[in-house]
Amino acid sequence: MKISKEKFGQAFDALVADYKVIAPVSDGSGIAFTEVKSFSDVKQDYLNSKLPPKAFFFPQHEKLMSYKKEGKDVTVKSELKVENTILFGIRPCDAKGMLLLDKVFKNDQYTDPYYYERREKAVIIGLGCTKIAPTCFCSSFEISPAGSEGSDLFLIDLGDSYEVEVVTEKGKALADRLALAELTADEQALVDKIKSAETPSKIDVSNTTSKLDKMFNSPYWDTLQEKCLGCNVCSFSCPTCHCFDISEEVRKNEGTRVRTWDACMAPLFTLHGSGHNPRDNKKTRWRQRLMHKFNYFVHNNGSMSCVGCGRCIKSCPVNMDIRQVVDGANKAELVVE
Amino acid sequence: MQQNPYLPITMKLVKNLVETEDRLINTFTLEFMNKQDEENFKYMPGQFAELSAYGHGEAPFGIATSPTEPGILKFSVAKVGCVSNALHLMEEGTMVGVRGPMGNYYPIEQFKGKNVVIIGGGFAFTTLRSLAKYMLDDKHRGDYGDITVIYGARNPGLLLYKEELAEWENNPNINLVTTIDRPAEGWTKHVGFIPSITEQIAPSSVDTYAVVCGPPAMIKFTLPVLEKLNFPPERIYTSLEMRMKCGLGICGRCNIGTEYVCKDGPVFSMAQLKELPNEY
């Protein structure tokens, strides 16, 4: 099915009345997912945003609760206001990233209400990639640049119109508000061509997990980390990184408990009160980063926690490239212990 | 939907007791404010909770009471950081926050019908105290064979729960061995490090589980002794500490390989630890 961009824009503008609508906007230095009021504000021709859209479910900084102390007493308050939200223009890598974060924020024992209440009230409108950046390598993880996995409604740009795929019930509810028409044979051929595309850059991860099973004590980690500055930009720009800190913001007798993005690359991340630190050097922290994404997460959740968006490659100040890092692990000689 | 696991319940600090002579460890007794909170807080020996000192932060501590002691929770906490310092200075009657219970617990079901040797060093005796207290309870004592506790500290003043230890000395249901590192005036019991005292006492490993908690050096030298006594790694348990924030297996900092100490631990058998990377 398809819809002309003009009609889609009208429907989009009508949705703004019922939903908080988030879409890619050019902010002068790149693309940022931002609340918009009109389809005319939406940047339609873009590779991907600088930061992943995870912040709409897992903000960089958020209040978990607040409290007030009076003498020896305390009153604790927690309120979570969640609006119905549409995220428009989510790329397939980021949509898959959200599915991976879902597994983290709801594990075998606990559900994170802050994440899940936002997640449940959000509809994801995915937008297939017709242009691919040199840093893109999603095809390494069985993600297609024009694949609809993780989206509720999925669009492919056909020039004057969008091809529309309804993926979930949530997506169907939105599609009911769109005047959809059939694709012509030529358009269908174009859709098929876009859908069959792969990222030119791909890494072989077929044996990476089992290789890493045997690499905890490998000398590979000794040299790998040498040029890393430990700046954390890879984690903050990653659609699947989820580590956070919980801290206290206090003014006189009132306080707020907040959580803030944190990263396993930060030296204090694992520092005990006693002074002991199990990951007290960059080598162990880099090993954790790679192991977590390509080994531990696979054992715990059944898939790798990298979606090949390439943001960490683009933003790294010293040009560390996760593709080369994985490739290096694939090729590293095993040390007999 | 389950309750928000980030929100603490409020409990009252009814006693703030200086536990050790060096004044670095206090035992906090917290009282539940209502029946509902207490019922929701069903815990087992070995579990921990996150304590909030409002205005300062939150940190995880092992629960020192046993579920057989209703109405209260106790925590014995060393003064090392922001939260523990604030708790140490807190006036009795102050409200604190508690999240939990968290983590797994000592496998008391597996221990049934077996002997249990509890080996503790220094202030890592808190959840071991919970375990011993639980097994000693009239309702449970019959489920277990011999209970031996080997507990040591640098000097007599650093032993936790001195009154209770005195009680256990005369309790036929438990075999208590206490030791200090160097001779001290007035001390008539064992003198020597935990590993050598364990070797001397030589508890039989037949039908016996061992639970070991203490400083890393103590554990390092006690394990070979247990091995010599033929304890297989499947029957040696320990409880680990890690820096934690959420306590829910989400914030990502307490993992050892695939395991999050907060939700998959803190209790692990030596057999399990042998399978995990040495990063703790």
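Some points to look at:
- Tally of residues being under 17 Å from B:Pro277 (Cβ atoms), more than 14 Å from chain B (Cβ to nearest Cβ) and assigned to a helix (DSSP H, G or I) across region A:211-239: 4
- Within region B:124-216, helices (runs of 4 or more DSSP H) holding 3 or more residues that are touching a residue at least 24 places away in the same chain (Cβ under 8 Å), farther than 23 Å from B:Gly265 by Cβ and touching a strand residue (DSSP E or B) at 6+ places or on another chain (Cβ under 7 Å): B:194-201
- Meets criteria (in contact (Cβ under 8 Å) with a residue 24 or more places away in the chain, surrounded by 18 or more Cβ atoms within 10 Å (Cβ to Cβ) and not hydrophobic (A, V, I, L, M, F, W, C)) for A:Arg177: no
- Residue tally, condition surrounded by 22 or more Cβ atoms within 10 Å (Cβ to Cβ) and either within 13 Å of chain A (Cβ to nearest Cβ) or among the acidic types (Asp, Glu) (or both), over region B:100-111: 2
- Complete set of residues in region B:33-55 that are surrounded by 20 or more Cβ atoms within 10 Å (Cβ to Cβ), under 17 Å from B:Met95 (Cβ atoms) and within 14 Å of chain A (Cβ to nearest Cβ): B:Glu50, B:Leu51, B:Ser52, B:Ala53, B:Tyr54
- Number of positions in region A:304-337 that are without any contact (Cβ under 8 Å) to a residue 24 or more places away in the chain and basic (Lys, Arg): 1
- B:Ser204 falls short on exactly one of the conditions (1) within 14 Å of chain A (Cβ to nearest Cβ); (2) within 15 Å of B:Ile150 (Cβ to Cβ), and that condition is (1).
- Looking across region B:125-149, just one residue is hydrophobic (A, V, I, L, M, F, W, C) and either surrounded by fewer than 21 Cβ atoms within 10 Å (Cβ to Cβ) or touching a Ser or Thr at 6+ places or on another chain (Cβ under 6 Å) (or both), and that is B:Leu136.
- Annotation: A:Asp45 fulfils all but one of (1) within 24 Å of A:Ala181 (Cα to Cα); (2) modelled with pLDDT of 95 or more; (3) among the charged types (D, E, K, R); (4) surrounded by fewer than 19 Cβ atoms within 10 Å (Cβ to Cβ); the unmet one is (2).
- For region A:131-142, the set of residues classified as surrounded by 23 or more Cβ atoms within 10 Å (Cβ to Cβ), assigned to a loop (DSSP other than H, G, I, E, B) and not aromatic (Phe, Trp, Tyr) consists of A:Cys136 only.
- Residue satisfying all of: in region A:260-272; crowded, with 16+ Cβ neighbours inside 10 Å and facing chain B (nearest Cβ under 8 Å); nearest to A:Ser305 (Cα to Cα) among these: A:Cys264
- Residue within region B:7-18 that is at positive phi, modelled with pLDDT of 95 or more and within 14 Å of chain A (Cβ to nearest Cβ) present: no
- Every residue from region B:56-97 that is surrounded by 22 or more Cβ atoms within 10 Å (Cβ to Cβ), more than 10 Å from chain A (Cβ to nearest Cβ) and either more than 17 Å from the chain's Cα centre (by Cα) or of a type in the set (Asp, Glu) (or both): B:Leu87
- Residues in region A:186-202 include at least one that is in contact (Cβ under 8 Å) with a residue 60 or more places away in the chain and over 27 Å from the mean Cα position of the chain (by Cα).
- Hey, A:Thr284 outside any loop (DSSP other than H, G, I, E, B), within 25 Å of the chain's Cα centre (by Cα) and either under 21 Å from A:Asp327 (Cα atoms) or more than 10 Å from every other protein chain (Cβ to nearest Cβ) (or both) or not: yes
- Hits in region B:216-239 (condition: β-branched (Val, Ile, Thr) and either loosely packed, with under 12 Cβ neighbours inside 10 Å or touching a Leu at 6+ places or on another chain (Cβ under 7 Å) (or both)): B:Ile236
- Looking across region B:248-280, the residues that are over 21 Å from A:Asn281 (Cα atoms), more than 17 Å from the chain's Cα centre (by Cα) and at the interface with chain A (Cβ under 9 Å from one of its Cβ atoms) come down to B:Leu248, B:Gly249, B:Ile250.
The values are calculated or read from the model by the stated rules, or taken from the named source; none is laboratory data. Worth saying up front: this structure is predicted, and the values here are computed from it rather than measured. Positions of Cβ are generated from backbone atoms using ideal geometry, with glycine treated the same way; all protein chains shown enter the neighbour counts.
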